[in-house]
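Student: Structure provided below as structure tokens; questions to follow.
Since every read-out is calculated from the coordinates, none of them should be taken as a lab result. From a predicted model like this one, the values you see are computed outputs, not experimental measurements. Every residue, glycine among them, receives a Cβ derived from its backbone with ideal geometry; neighbour counts consider all protein chains shown.
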Amino acid sequence: MTFLQLVINGVALGAAYALVALGFVFIVNATSAVNFAHGDLVMAGGYVAVGLGALAPLPILVLLPVVAAIMFAVGIAVALVAYFPLANRPPSTVFISTLLCGIVLQNLFLVLFGPQARAAPPLIKSGIVHLGGIEISIQALGTLGVAAALIALQYVVFMRTQIGRRLRATAQDRQMAQAVGIRTSAVIAATFGFGTALAGVAGALLANQFFVYPTGGISLSVYAYIAVVIGGWGSIAGAVIGALMISIFQVVVSAYVSYAVATGLLYVSLLLIFFFRPQGIFGELVQRRV
Amino acid sequence: MNELLQIENLTVAYGQVLALKGVTLTVGAGEAVALVGANGAGKSTLFKSIVGFLRPRSGRLSFLGRDMTGVSPERRARSGLGYAPEGRRVFPGLTVRENLEVAVFGSKAERAHRLDQAFALFPQLAERQAQLGWQLSGGQQQMLAIGRALMGQPQLLLLDEPSLGLSPKLADEVLAAVRAIVRRGTAVLLAEQNVRKALACCDRAYVLETGKVALSGASAALRGTEEIRKAFLGA
Amino acid sequence: MASWLLAGIRLPLLLGAAALIGYAVFFASPYDLRVLTLCGIYALLVLGFQFIFGHAGAVSLSQATFFGIGGYVTGILATRYGLPFLVTFPSSIAGPALLAVIVGVPVLKLEEHYFSLATLGIGLVVLLLAIQWSDVTGGTNGLAGIPAIEIAGFAVADRRSVLWFVWGVVALACLLAHQVTRGLHGRAYHLMRENREAAASLGLNVAELRFSAFVLSAAYGGAAGALMAHVIHVVSPENLDLTLMVTCLTMTVIGGRTRIAGAILGATLIVYLREWFRVLENYYMIAYGTVALAVLIAAPYGLVGALERLRVFLFGRSTAKPPVMTTGALPAAPRQSSVAAPTPEPLLAVDDVALAFGGVTALDGVSLACRQGEIVGLIGPNGSGKTTLLNVMSGLYSCQAGRVTFLAHDITAAPAYAIARLGLARTFQHIHLVDELSVLDNIAVARAGIDGGGLLRAIGTFGRDHRLDAARRIAWAAADRLGIAAFAMEPCGSLPYGTRRRVEVARAFATGPRVILLDEPAAGLNEQEQIDLAERIRSFGADGMTVLVVEHNLVFLAALAQRLICLDRGKVIASGLPEAVRREPAVIEAYLGLDADVPELALTEPS
């Protein structure tokens, strides 16, 4: 495989990871809560796609809005269970509650779908396309398209609509958002909803090529966490770029060494970044001396 | 005289500390009222209680004739209460324009109309529409905070220490807007450490001292009195 | 003895323990014995986790990794090299501890989230190694055939013996944990998690405390992992993974983050919860996760905390006797200078210090000096930089230009705890006390950084803790100087604000400082309390202590300060005798906004 081919593959994977990271960073921004069940919610989206695909054998592209809607509701449910009751406690408590939600989800998948990996129907159809010496699967192209469209949609909603402005205002200063009349609890619930919907869509996109299985979410949560840290805590663009960097790194490096070693190198690189730049690649250094 | 804001015997505590001890004050339509006092006197605490961030231990707080006990800050804001807090607190990652737009709950046309009004009051903001909140200077942020608070077309504006951290000249510019705001139909309750400037732009004043109203009356009567000096420099 | 038993929830816990022991001895089947043994192993794991997560307050995600490494070290050394238990067990403790030492220093510098992620990253790397390095670790299947524990020819093979052995180790571990967290050392941890700045300003080396907690947690984790390997005779990557980490977290949060009883309770409960829910077959993990979540929401201090609250609710708070006799001559807290007259050189000097935060200039070339025995007031309007200046002096902020000198040492770049140990104490605008501890203990913490002696001393102290007694005696003296000796045994959470402020001042005073910086000490006090506090501060000055008081309340300062310095927008605009400074036009302008020229406003004495 040429280097370019590898990069293209990495970008295709990265598109899905970017959606995962995007949903994750939304929630981090609005609530300072690290939702460690996020990867499991991605799997949930994949499973919903699997289930819907069994019910109605349509290409996933058509079913995506349904997946998104269902996952939006799931996101609000997670907020009601794992976030709002614990909003006044130290942030580590929310971290733990999301971990526990993750465990419940993983075992729910196990019970409902069994331990074997499942595949969702393809986005449009299976097959490979050749573009000037580069091979790319239709699934990957479709994933890129959907991800690009969603990222663009997110950008438009966030930057050009009142809802988006209110979401950002709530994330930046919750009290002042209240003081200008914004219903911040509803906004936060909606943020969880949107973040989870994105996770769900990512899951539906990934489920065809990469399969879903009950414990598949853990590594995705970790990747989202890493992407947000690399990109600078809270930066949306940073999260997307971070996700792309992770996926390209993984794909390219694992062509030369085993997948496991590539993953290991990824974590080691992360640790090295921490030690030399504790604020992430794009973040700002906090002036603490204690 | 229709009272917009009526506070009776308000007591507010932070844990064990009594920050406000039986404060009574009113603000009527068309008035500019000053709340002066040294730091720690309780001005910001009073404002936070009016806005709804703090729950009073006892006493009554009514706005537009309605008792505000248990009413969330969002609802108070939407019913006509504007708040420009101490330290400005503009949304740092939103542009000047977005800071103003986010505070409007109405149609796009309504939004555009109110934006024009805000820019008419503070032309400096119009010049900097696309700048992000954190990029503005202290004085510009103060104008933005006030403009944002006015976007909801409130009946009453709470202005908390606008001159803080500003040079005297800039403070004067900002406070000159108070008169214009009142003329446009929004009453103002202004909290200030700087007594002279506060008395210069307001008709009435309350002097707050360690959580109690020590003195109140028309600005002209209070200006230069012994009591005012004592309240500040302990002479 | 009776009062010891009846205090807190000791009696129910001991009864419960006795019941379990009775059950184990008389009624338990071999399967039950195995379950109880697992409870012990997990209790050990959680005990270790409590050091870093509970006491140091840092969410480490490496605990399962340390557990796994301990298991693998035992597995590898025992199965491949045939080494005996007396070699493999200490190695299983040393291995993870060594890893903690190596990664601890860089990792503990990271902020909250990054710290958690870094510890997670380390865990994931080790997990990958365990799976991939199959020559050594046996890959995904792990290592089997790990022998039973054998010490000097005696095999600990049958389930009953294993049970007693494991719980024997747990008992020792509990004792060690008790030693580490009793006394000054434990109270230092408590203050540190309450507020790091307050801890550092009392001379506590926060980095060292966190580091030692981290290494201890690794050692305990390794021991638990080794025991697990001997009990189930197998070690595999499952011993390292995130699921185990979540289990450990759950047990800790549910049992109680800092209570030894909580570790045992949490571990036992979760292990049994799994057993009971096993009946639900596939649904048991879902049920277990849901129950854990419910407990997390309902009992923020864990079950031990909830039980204690219940006890207080039912029976009222038990009154504790004063732990130490306080008669006799008490050592005076401040180290008194042998020089009778104040020395001319300044003890504390700030030279042209500048600091800006993100575009806002907080300090713009500030210079000032304090001589011995002086009481200096620092005034200025809101936002003028007073607290920022205190933070620079006490080492919490780094200035970007200028120098700070204290007792002829250049402390510009010195860490806060070192500055405190040199003899510079301070208080804060927002009081940070440990509500659960008594007044006496809150003040006594001040001695932990000064002459506490650290971790090893704490462990080696058995029976009467003389260091704690000495600290408490000094604390008593300090409390007496501040007039709060009557409240010595009261928990700080129940005290009125004025008293809490005096506790905080007493705490700073108890470090025996040469210079003390007070940040708005009169805020929130009523008139009587202000007069009282002013008098007490004056008495410190009379003893030779140098005091710098930041205040807005000029009436309070008038009674106190020999000299006033006024800041405005990061610059010194006036300095000198109080009456003169209060008449300075620039000062009047800054505070009142009144022009000096206007005749009606000249500050002549009232007729």
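Student: How many percent of Cα pairs in region C:437-502 exceed 15 Å? Walk me through the numbers before you get to the answer.
Tutor: On the way: 1118 of 2145 pairs.
Distances greater than 15 Å cover 52 percent of the Cα pairs.
Student: Something else about it: Which residues in region C:382-422 place their backbone N less than 13 Å from a point set 7 Å from the Cα of C:ALA369 along the Cα-to-Cβ direction?
Tutor: Residues C:405-408 qualify, since their backbone N sits under 13 Å from the label point.
Student: If you wrap a convex hull around the C-alpha atoms of the protein assembly as shown and split its volume per residue, what is the figure in Å³?
Tutor: Per residue, the Cα convex hull of the protein assembly as shown comes to 196 Å³.
Student: Moving on. On a C-alpha basis, how far is the centre of region C:26-100 from the centre of region B:147-225 in Å? Whole number, if you could?
Tutor: Here the two parts' Cα centres lie 66 Å apart.
Student: Can you give me the long-range amide H partners of C:ILE149? Hydrogens built in the peptide plane at 1.01 Å from N, cutoff under 5 Å, separation of 5 or more residues or another chain.
Tutor: C:VAL156
Student: I've got another one for you. Be a star and scan region B:190-221 for residues whose amide nitrogen sits under 16 Å from the point 7 Å along the Cα-to-Cβ vector of B:THR11.
Tutor: Within reach of a label on B:THR11: B:211-213.
Student: Using amide H atoms built 1.01 Å from N in the peptide plane, name the residues 5+ places from B:LEU215, or on other chains, whose amide H lies under 5 Å from its own.
Tutor: It is B:VAL207, by chain and number.
Student: Roughly speaking, what % of Cα-Cα pairs in region A:48-139 are separated by over 20 Å, rounded to a whole number?
Tutor: Summing the P(r) of region A:48-139 above 20 Å gives 57 percent of all pairs.
Student: Give me the Kirkwood hydrodynamic radius of region A:47-88 in Å, from all C-alpha pairs, to one decimal place?
Tutor: Details: mean 1/r = 0.0864 Å⁻¹.
The Cα-based Kirkwood calculation yields 11.6 Å.
Student: Report, by chain and number, residues whose modeled amide H sits under 5 Å from the one on C:ARG426, excluding near sequence neighbours (fewer than 5 apart, same chain).
Tutor: C:LEU517
Student: Quick one: divide the alpha-carbon radius of gyration of region C:30-237 by 2.2 N^0.38 Å and tell me what you get.
Tutor: 1.05
Student: Output ³J(HN,Hα) for region A:124-135: one whole-Hz value per residue in order, computed from phi by the Karplus curve 6.51 cos²θ - 1.76 cosθ + 1.60 with θ = phi - 60°, and x for Gly and Pro.
Tutor: These are the phi-based 3J(HN,Hα) values: 10, 7, 7, x, 10, 10, 10, 10, x, x, 9, 9 Hz.
Student: Against the globular-protein guess of 2.2 N^0.38 Å, express the Cα radius of gyration of region A:100-167 as a ratio, rounded to two decimals.
Tutor: 1.68
Student: Next up: Whole Å is fine, so just give me how far the alpha carbon centre of region B:1-79 lies from that of region C:424-474.
Tutor: If you average the Cα positions of each part, the centres end up 42 Å apart.
Student: How big is chain C in terms of Cα radius of gyration and Dmax, in angstroms?
Tutor: Gyration radius and largest Cα-Cα distance of chain C: 28.7, 100 Å.
Student: How much of the calculated P(r) for chain B lies past 27 Å, in percent of all Cα pairs?
Tutor: Taking all Cα-Cα pairs of chain B, the fraction more than 27 Å apart is 32 percent.
Student: Please give the direction-averaged projected area of the C-alpha convex hull for region C:15-65, in square nanometres with one decimal.
Tutor: Mean projected area for region C:15-65: 4.6 nm², to one decimal.
Student: I need the phi-derived Karplus couplings for region C:460-465: 6.51 cos²θ - 1.76 cosθ + 1.60, θ = phi - 60°, integer Hz, Gly and Pro marked x.
Tutor: x, 8, 10, x, 5, 8
Student: Using packing as a proxy for protection, rank B:57-69, B:183-195, C:13-25 so that the peptide with the highest average count of other Cβ atoms within 10 Å comes first.
Tutor: Ranked from most to least packed, the peptides come out as B:183-195, B:57-69, C:13-25.
Student: Output needed: percent of Cα pairs per 10 Å distance bin for region A:7-216, bins running from 0 to the one holding the longest distance.
Tutor: Per 10 Å bin, starting at 0, the Cα pair percentages come out as 9, 34, 33, 18, 5, 1.
Student: Still on this model: Report, to one decimal in Å, the Kirkwood hydrodynamic radius for region B:45-140 based on all distinct Cα pairs.
Tutor: Final number for the Kirkwood radius of region B:45-140 is 15.2 Å.
Student: As a test of the formula, what do you get for the protein assembly as shown when each DSSP H run with n ≥ 4 contributes -39,500 (n - 2.57) and the sum is divided by the residue count, at 222 nm and rounded to the nearest 500 deg cm²/dmol?
Tutor: Values: 47 runs with 630 residues, N = 1132.
Mean residue ellipticity at 222 nm (helix-derived): -18000 deg cm²/dmol.
Student: Please work out, to two decimal places, the log10 of the ratio I(q)/I(0) at q = 0.10, 0.13, 0.22 Å⁻¹ from a Debye calculation in which every Cα of region C:394-536 carries one identical scatterer.
Tutor: Ignoring solvent entirely, the Cα scatterers give -0.38, -0.62, -1.35.
Student: Please arrange B:ARG75, C:ARG447 by how many other C-beta atoms lie within 10 Å of their C-beta, fewest to most.
Tutor: B:ARG75, C:ARG447
Student: Could you list, bin by bin from short to long, the percent of Cα-Cα pairs of region C:212-323 in 10 Å steps?
Tutor: Pairs per bin, as whole percents: 12, 34, 34, 14, 5, 0.
Student: Return the whole-Å distance between the Cα centroid of region C:103-149 and the Cα centroid of region A:213-283.
Tutor: Centre-to-centre distance over Cα atoms comes out at 18 Å.
Student: Here's another thing I want to ask about it. Quick one: 3J(HN,Hα) in Hz for region A:11-24, Karplus 6.51/-1.76/1.60 with θ = phi - 60°, rounded, Gly and Pro as x.
Tutor: So the Karplus estimates, Gly and Pro as x, are 5, 4, 5, x, 4, 5, 4, 4, 4, 4, 5, 4, x, 5 Hz.
Student: Over the alpha-carbon set of region C:475-585, divide Rg by the Kirkwood Rh and report the Rg/Rh ratio to two decimals.
Tutor: Value, to two decimals: 1.00.
Student: Still on this model: With a cap of 14 neighbouring Cβ atoms within 10 Å, and only residues DSSP puts in a loop, list the trypsin sites (Lys or Arg not before Pro) found in region C:491-520.
Tutor: none
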